Amino acid sequence: MKLFEKYSKLRQKAYVTSMVTDMVSGSMALENQEVPQPQIQAIVIALLREAELKGREFIKN
């Protein structure tokens, strides 16, 4: 069984964006490196767009 078959939420772009943004924001805060959440989210969205260009498919929410 593949990862995306087992965890179908990983195909939802909004879920992945939210999850990664929260994780990165939390990790940065633990290291006392405050970064605005909109800035992190913009980077995550750009990386997801790049993944889509390389063939990764997401479910439209």
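Which condition from (1) surrounded by 11 or more Cβ atoms within 10 Å (Cβ to Cβ); (2) free of Cβ contacts under 8 Å to residues at least 24 places away in the same chain is the one that LYS54 breaks? Failed condition: (1). Taking the criterion of being aliphatic (A, V, I, L, M) and surrounded by fewer than 14 Cβ atoms within 10 Å (Cβ to Cβ), the residues of the range 18-34 that qualify are MET23, ALA29, LEU30.
Among the residues making up the range 5-17, a single one is loosely packed, with under 14 Cβ neighbours inside 10 Å and either in contact with a Pro (Cβ under 7 Å, 6 or more places away or on another chain) or at pLDDT 90 or above (or both): ALA14.
For (1) of a type in the set (Ser, Thr, Tyr); (2) in contact with a strand residue (DSSP E or B) (Cβ under 7 Å, 6 or more places away or on another chain); (3) at pLDDT 95 or above, each residue gets a yes or a no:
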{"site": "GLN33", "(1), (2), (3)": "no, no, no"}
{"site": "ALA42", "(1), (2), (3)": "no, no, yes"}
{"site": "LEU48", "(1), (2), (3)": "no, no, no"}
{"site": "ASN61", "(1), (2), (3)": "no, yes, no"}
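Taking each residue of the range 1-25 that is more than 21 Å from GLN41 (Cα to Cα) and looking for partners that are modelled with pLDDT under 95 and not hydrophobic (A, V, I, L, M, F, W, C) with beta-carbon atoms closer than 9 Å, six or more apart or interchain, yields PHE4/ARG11.
The values are calculated or read from the model by the stated rules, or taken from the named source; none is laboratory data. Just so you know, these numbers come straight off a predicted model, no measurement behind them. Please note: Cβ atoms are built from the backbone with ideal geometry, for glycine as well, and neighbour counts cover all protein chains shown.
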